[in-house]
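*Asks:* Mind having a look at this structure? Questions to follow.
The values are calculated or read from the model by the stated rules, or taken from the named source; none is laboratory data. Quick caveat: nothing in here was measured; it's all calculated off a predicted structure. Cβ atoms come from the backbone with ideal geometry, glycine included; neighbour counts cover every protein chain shown.
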Amino acid sequence: MTNIDEHPSPQGDLSLQAVAMPCDTNPHGDIFGGWLMSQMDLAGYVTACEVADGRVATVAVEGMSFLTPVHVGAVVSCYCDVVDIGRSSVRVVVEVWINSKQDGEPIKVTEGTFIYVAIDSEKRTRVIAP
């Protein structure tokens, strides 16, 4: 029996899943990093909107590094963990995981910290209610 602690697991809550398609690849057949960033931003946006109870805008992305390529057909899972809520901002760590083609084991692909600011209908910064 395998000890679950031996294998890393995602931090945060599942926010988005998408299937990596052939139209999302570079000339070498791997999924574009920009496509992954887009999925991460969408996942973080969903989480930040819930926290801010309304509209948010992405203002920054910090500390991204890609650990392994993503293959066509992989189910890309984005997990979000809110690490800070400011006066008008939400900081969300987004992790991306896939399952290995060979053995189905979970593999962490990348992570990054996305910062969102709450905005009103006039696109001005607004305070997040406590």
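*Asks:* Being among the hydrophobic types (A, V, I, L, M, F, W, C) and either assigned to a strand (DSSP E or B) or surrounded by fewer than 18 Cβ atoms within 10 Å (Cβ to Cβ) (or both) is the filter here, so list the residues in segment 65-82 that pass it. Talk me through it step by step, then tell me what you get.
*Replies:* Within segment 65-82, the first condition is being among the hydrophobic types (A, V, I, L, M, F, W, C), and the residues that meet it are 66-67, 70, 72, 74-76, 78, 80, 82.
Listed by number, the residues that qualify are Phe66, Leu67, Val72, Val75, Val76, Cys78, Cys80, Val82.
*Asks:* If you go through segment 83-97 one residue at a time, how many are in contact (Cβ under 8 Å) with a residue 40 or more places away in the chain and part of a strand (DSSP E or B)? It would help to see each step written out before you state the result.
*Replies:* The initial filter retains those residues of segment 83-97 that are in contact (Cβ under 8 Å) with a residue 40 or more places away in the chain, namely 85-88, 90, 92-97.
Next, from what is left, pick out any that are part of a strand (DSSP E or B): 85, 90, 92-97.
Count: 8.
*Asks:* While we're on this one: Looking at segment 13-45 only, could you name the residues that are over 21 Å from Ala60 (Cα atoms) and either among the hydrophobic types (A, V, I, L, M, F, W, C) or in a helix (DSSP H, G or I) (or both)?
*Replies:* Leu14, Ala18, Val19, Ala20, Met21, Pro22, Cys23, Asp24, Ile31
*Asks:* May I pose another question? Is it the case that Gly73 is modelled with pLDDT of 90 or more, out of contact with any helix residue (DSSP H, G or I) (no Cβ under 8 Å at 6 or more places or on another chain) and closer than 20 Å to Pro130 by Cα?
*Replies:* Details: modelled with pLDDT of 90 or more: yes; out of contact with any helix residue (DSSP H, G or I) (no Cβ under 8 Å at 6 or more places or on another chain): yes; closer than 20 Å to Pro130 by Cα: no.
In short, no.
So that you can scan it fast, the table gives a plain yes or no per residue for (1) acidic (Asp, Glu); (2) at negative phi:
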{"position": "Asp53", "(1), (2)": "yes, no"}
{"position": "Ala57", "(1), (2)": "no, yes"}
{"position": "Glu62", "(1), (2)": "yes, yes"}
{"position": "Pro69", "(1), (2)": "no, yes"}
{"position": "Glu95", "(1), (2)": "yes, yes"}
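*Asks:* Which one of these is free of Cβ contacts under 8 Å to residues at least 60 places away in the same chain and touching a strand residue (DSSP E or B) at 6+ places or on another chain (Cβ under 8 Å): Gly73, Gly54?
*Replies:* Gly73
*Asks:* A further question on this structure: Just to be sure, is Gly104 at positive phi, of a type in the set (Gly, Ala, Ser), more than 13 Å from the chain's Cα centre (by Cα) and surrounded by fewer than 13 Cβ atoms within 10 Å (Cβ to Cβ)?
*Replies:* Values: at positive phi: yes; of a type in the set (Gly, Ala, Ser): yes; more than 13 Å from the chain's Cα centre (by Cα): yes; surrounded by fewer than 13 Cβ atoms within 10 Å (Cβ to Cβ): yes.
Judged against the criteria, Gly104 is a match.
*Asks:* Could I ask something else about it? Of the residues in segment 104-120, how many are assigned to a loop (DSSP other than H, G, I, E, B) and either modelled with pLDDT under 95 or touching a Pro at 6+ places or on another chain (Cβ under 7 Å) (or both)? Steps first, answer last, please.
*Replies:* If we filter segment 104-120 for residues that are assigned to a loop (DSSP other than H, G, I, E, B), which is where we start, we get 104-105, 120.
Restricting the remaining residues to those that are either modelled with pLDDT under 95 or touching a Pro at 6+ places or on another chain (Cβ under 7 Å) (or both) gives 104-105.
Total meeting the criteria: 2.
*Asks:* Would you confirm, using the coordinates I've provided, whether Glu62 is part of a strand (DSSP E or B), within 25 Å of Met21 (Cα to Cα) and among the charged types (D, E, K, R)? Steps first, answer last, please.
*Replies:* Working: part of a strand (DSSP E or B): yes; within 25 Å of Met21 (Cα to Cα): no; among the charged types (D, E, K, R): yes.
Judged against the criteria, Glu62 is not a match.
*Asks:* Filtering segment 108-130 down to residues that are crowded, with 16+ Cβ neighbours inside 10 Å and over 12 Å from the mean Cα position of the chain (by Cα), which residue is farthest from Leu16 (Cα to Cα)? Let's see the steps before the verdict.
*Replies:* Going through segment 108-130, the residues crowded, with 16+ Cβ neighbours inside 10 Å turn out to be 108-119, 126, 128.
Keeping just the survivors that are over 12 Å from the mean Cα position of the chain (by Cα) gives 116-119, 126, 128.
Details: Tyr116: 17, Val117: 20, Ala118: 21, Ile119: 23, Arg126: 26, Ile128: 23 Å.
Selected residue: Arg126.
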